[in-house]
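The values are calculated or read from the model by the stated rules, or taken from the named source; none is laboratory data. Since the model is a prediction, treat every value here as computed from it, not as a measurement. Here the Cβ positions follow ideal geometry from the backbone for every residue, glycine too, while neighbour counts run over all protein chains shown.
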């Protein structure tokens, strides 16, 4: 792929009607596919609705507008902004995504790209040449607009003019200005050989760059080439239609081609090359092992092509290393990358953990090995997920308690509180341990909440117990699902049948369809109002939180079994995440309203103990 900067700035103002101009010069393009206002998320649901309310226009689930334009039509930025994506995808072919002040635009199925991530572009600036690459049936520009708060939500730039309420509630209205973009008329340069967006390193040095010029309509008058600086208007020109140059050496280099036409106009067309031969650096450290759950903090740093992946291998005792966990970013970026993973081992066992980090040029960092010794008195052994990944692990020493697995995890600003099915409590991510005296009841643990007085465990018989083993309130429910603590310390329990018992505002009941049950519930911060999720994926309000339901998608498209709901904001402006048993999730409202702790750790399946988020 190639990257070029062609500065063609429009002086046209953005009108109040919107901020976008068409991404090409044709003011009356032919549109072959419209944005679907009924779930434009690439999922066929049998219904396709156009911006004016008409239905039956292909294709269902389309999240953009397809403009039929000939191959190699100049594709222009629809507004000022910063390029955040410029590369190949199997479905979209060569594509560009630009962040603007009010929204985000995407341009796919192109033949050639002229911009790179991090580059600022102006309205009307050349960014690509159209084509039919990727999953495409003919030459066109797939133009997509997305909102900034939840960028995975596509919106229709034509707004909604149909009868009634817009079926897709994230639309922002008509986003077009009344001004066309600036036509692109300058000459173009088409390099070959060394390719932008290729991380040279383990592959060896890049081949020389060669280029060929194409007339933009005013006649060619030569070019001037220079590495890492604009040759300038007064540079000595080479009177030819082609040329070549070798990449200077390792590092980030930009080839500037100033192309002149016979009308006296020129353009500085630039191409970025990254030649990375330096390995990244990496580090791995462990939190103090106070339980069988050990947190590993890893980091990697690469200043040029960026960290492109990490992998941690584990060896039990003297056994050989085996793969355990790996991560790869969607798009490498230069600088530091870091993260944390939790390893659950067997009490008394010693493990070797080895970190390997690679950069995008496939240069590996030297492996880092640390040793983790699980305290013999640790109460939380490895889960079924760890056994599946690691194979057979050493047996627990005699006398260790047999724990059935993880029941719930509650992330917070100062760490996470882990509840075992045997009602044991473990605080993760902090040095201090949490006392956990077993309750006298033998019922299985269901949930744990943290009122101002401290952690309180809920058991399947409706009893509650603090961490010192002292009995708390008892709730008259048959199959408790969730213990909720309001900010004022009041408690309520919700059971599978929808019974709420009791809270400071009294009990109640959630009306459920036949054959479904409540699987999770959550309170809005600082209130007794909340939302409950049932096994069919429907969301229910309780405690007079009905206003929230109007802002929530009535039907979810999650493929698996719903297991959890997280809630933030208020009933008037709700936000949240619904998660299913396969780890897929779907959001409503702005993610900015959710506390950071919502994303602080995994969610465990209550039956198997396996992490699902």
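Taking region 129-144 as the range and being crowded, with 19+ Cβ neighbours inside 10 Å and under 27 Å from the mean Cα position of the chain (by Cα) as the test, the residues that pass are 133, 141, 142, 143, 144. Residue check: residue 365 meets all listed conditions (1) at pLDDT 90 or above; (2) in contact with a helix residue (DSSP H, G or I) (Cβ under 9 Å, 6 or more places away or on another chain) but one, namely (2).
Count of region 288-313 residues, restricted to those that are over 27 Å from the mean Cα position of the chain (by Cα) and surrounded by fewer than 20 Cβ atoms within 10 Å (Cβ to Cβ), is 3.
Okay, residues lined up against (1) over 24 Å from the mean Cα position of the chain (by Cα); (2) at pLDDT 65 or above; (3) not assigned by TED's automatic domain parsing to the domain that holds residue 477:
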{"site": "512", "(1), (2), (3)": "yes, yes, no"}
{"site": "517", "(1), (2), (3)": "yes, yes, no"}
{"site": "533", "(1), (2), (3)": "no, yes, no"}
{"site": "541", "(1), (2), (3)": "yes, yes, no"}
{"site": "547", "(1), (2), (3)": "yes, yes, no"}
{"site": "555", "(1), (2), (3)": "no, no, no"}
{"site": "564", "(1), (2), (3)": "no, yes, no"}
{"site": "577", "(1), (2), (3)": "no, yes, no"}
{"site": "609", "(1), (2), (3)": "yes, no, yes"}
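Taken over region 261-276, residues that are touching a residue at least 24 places away in the same chain (Cβ under 8 Å) and surrounded by fewer than 21 Cβ atoms within 10 Å (Cβ to Cβ) amount to 6.
Selection within region 314-339: residues that are farther than 27 Å from residue 251 by Cβ and surrounded by 19 or more Cβ atoms within 10 Å (Cβ to Cβ). The member of this set that is modelled with the highest pLDDT is 314. Summed over region 86-96, the residues that are in a strand (DSSP E or B) and surrounded by fewer than 21 Cβ atoms within 10 Å (Cβ to Cβ) give a count of 4.
Is it the case that region 279-299 has a residue that's more than 16 Å from residue 341 (Cβ to Cβ), out of contact with any strand residue (DSSP E or B) (no Cβ under 7 Å at 6 or more places or on another chain) and in the same structural domain as residue 353 (by TED's automatic domain parsing)? Yes, region 279-299 contains at least one residue that is more than 16 Å from residue 341 (Cβ to Cβ), out of contact with any strand residue (DSSP E or B) (no Cβ under 7 Å at 6 or more places or on another chain) and in the same structural domain as residue 353 (by TED's automatic domain parsing). No other residue among 248, 231, 288, 207 is farther than 28 Å from residue 191 by Cβ and not in a strand (DSSP E or B) apart from 288. For residue 14, the stated conditions hold: it is farther than 22 Å from residue 110 by Cβ, modelled with pLDDT under 50 and in the same structural domain as residue 164 (by TED's automatic domain parsing). Screening 217, 222 for residues that are outside the structural domain of residue 76 (by TED's automatic domain parsing), more than 33 Å from the chain's Cα centre (by Cα), without any contact (Cβ under 8 Å) to a residue 60 or more places away in the chain and outside any strand (DSSP E or B) leaves exactly one candidate, 217.
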